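The values are calculated or read from the model by the stated rules, or taken from the named source; none is laboratory data. For clarity, every value in this text was computed on a predicted model and none was experimentally measured. Counting neighbours? That spans all protein chains shown, and the Cβs are built from the backbone with ideal geometry, glycine included. These area figures cover heavy atoms from the full protein model, side chains too; ligands, DNA and RNA do not enter into them. Shrake-Rupley method; radii C 1.70, N 1.55, O 1.52, S 1.80 Å.
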Amino acid sequence: MDKKIILRYFVPAGILGLGAVVLARFAMGWLPYPLLAAGLILAGIGVVKMKPGWALSSGGLLAMALALRFAARGYAWWGYALAFAAALIVLHHFLPVKLWRVLVLLVCIGILYFCVVESFIIRSARTDKEPERDYLIVLGAAVYKDQPSLTLVRRLEGALDYLHTYPESVAIVSGGMGPGETVTEAKAMHDWLIAHGIPEERILQENKATSTQENLAFSFKIIRERGDEPDGNVAIVSSAYHLYRAKEMAKLQGVDAVGVAAPWGYFFVMLNYFIREAFGVTHLWVFGN
């Protein structure tokens, strides 16, 4: 084991990689990509200096991680998990025994924390009992030009079933316009529900929100402007993995809401989002949004 290799290659690679993940999580701009590329180059140099078996294992996991992150839609967090596994293999090869044991302890603590967070997410990943309310808030998701993404279609299917089951409820479709979208998410949802037989008078549009927090705040404002009180009078339809965070955000705004789970999509894609949601819930617990 050469300590100079760790200092020369893997410490800078780890710092750059961590910086890229943080920026990707909170900024989502172009900057994470050159940082990630620099980290991968440095890590690659380190892999070359490993024995063939170790290098093959780490390199294979890294290749799969890159494919899932950049060549497949909806599997990014599987890619991050494989990249993390590849990094552990490299660190196991180079770290002194004492440092490796400390790292294993930290990883075990992290996995335990992840399981605790997921227990909250999974427990809320279903429709609550007796969900009938006067208002149903449909949380937006990506729109491709003017067409709802698969995630958004699943949420709309959940909303459609709810509106048929409870014909007195009014839907508030919530979402502004994001990059690559030619209409607001609210407009795309409005048109979809109209095309599937929901009367226009049962659909209200909130077309300015850019986050879940704003989805809820602006929708609650619409309800109050209609002379009603949202607390205890609102159901929220979203993807199953997202319901815990959505309901907790509603509570932070003084509103007790029930959750309505949209139909599941592809199993492994959904698991990808369950993994991602743990970081979203952590952000909520720490920063309150």
Next on the checklist: Within the stretch 233-287, what whole-number % of the accessible surface is contributed by carbon and sulfur, with the 1.4 Å probe and all protein chains included in the calculation?
Outcome noted: 65 percent
Checklist outcome for this item: Per residue, accessible area of the stretch 154-289 with a 1.4 Å probe, heavy atoms of protein chains only, in Å², comes to 44 Å²
Item to check | Accessible-area ranking of Leu91, Leu136, Leu160, largest first, probe 1.4 Å | outcome: Leu91, Leu160, Leu136
Checklist entry - Taking a probe of 1.4 angstrom, what is the accessible area of Glu248 in Å², to the nearest 10? => result 50 Å²
Checklist outcome for this item: Heavy-atom accessible area with a 1.4 angstrom probe orders Leu243, Leu204, most exposed first, as Leu204, Leu243
Checklist outcome for this item: FRET efficiency for Glu157 and Trp100 from the Cβ-Cβ distance with R0 = 45 Å, rounded to 0.05, comes out at 0.40
Next on the checklist: Using a 1.4 Å probe on the protein heavy atoms only, what accessible surface does Ile172 show? Give it in Å² to the nearest 10.
Outcome noted: 0 Å²
Checklist outcome for this item: For the stretch 67-117, the accessible surface attributable to carbon and sulfur atoms (probe 1.4 angstrom, ligands and nucleic acids excluded) amounts in percent to 79 percent
Checklist outcome for this item: Rounded to the nearest 10 Å², the 1.4 Å probe accessible area of Arg69 is 60 Å²
